[in-house]
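Coordinate-derived values only; no laboratory data. Only a predicted model underlies this, so the values are computations on that prediction, with no experimental measurement involved. Here the Cβ positions follow ideal geometry from the backbone for every residue, glycine too, while neighbour counts run over all protein chains shown.
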Amino acid sequence: MMIDDNNPSPETRIKVFSNIIYKHPVNAVIQTADYKIQGDVHVRPNHRLRDELNTSEQFLAVTNAVIYDRAGQIVHKVNFMVVNASHIIWLLPVDEIQDEK
């Protein structure tokens, strides 16, 4: 029997589906009671940071995060962390900061 690689049998033509959700990173600052966190929050296309907080997810994933204490000193730098959404006091995208100097 000859096997044609360009025309696989029905048994080998299986589609695999996954629940991959594509998101784009938004550099943001997150304030909790004790820490300020700056890092990338991943947002679904056509959604805002606020929309990510309004999902049913209890935790918000943050990548490339720098964690500051109340004095503004760096406590940790991590590639990945999760923040309990109920501990977030405020959240803002870095590109919206308009400091007057």
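Quick notes on this structure:
- Fully extending the segment from Asp51 to Leu92, taken as 0.36 nm per residue of separation minus the present Cα-Cα distance, adds 13.5 nm.
- When only Cα pairs below 8 angstrom with a gap of at least 6 residues are kept, region 24-95 shows a relative contact order of 38 percent.
- Mean Cβ neighbour count within 10 Å, used as a protection proxy, ranking 77-84, 29-36 highest first: 29-36, 77-84
- Within-15-Å neighbourhood charge of His76 [Cβ basis; K, R +1; D, E -1]: +1
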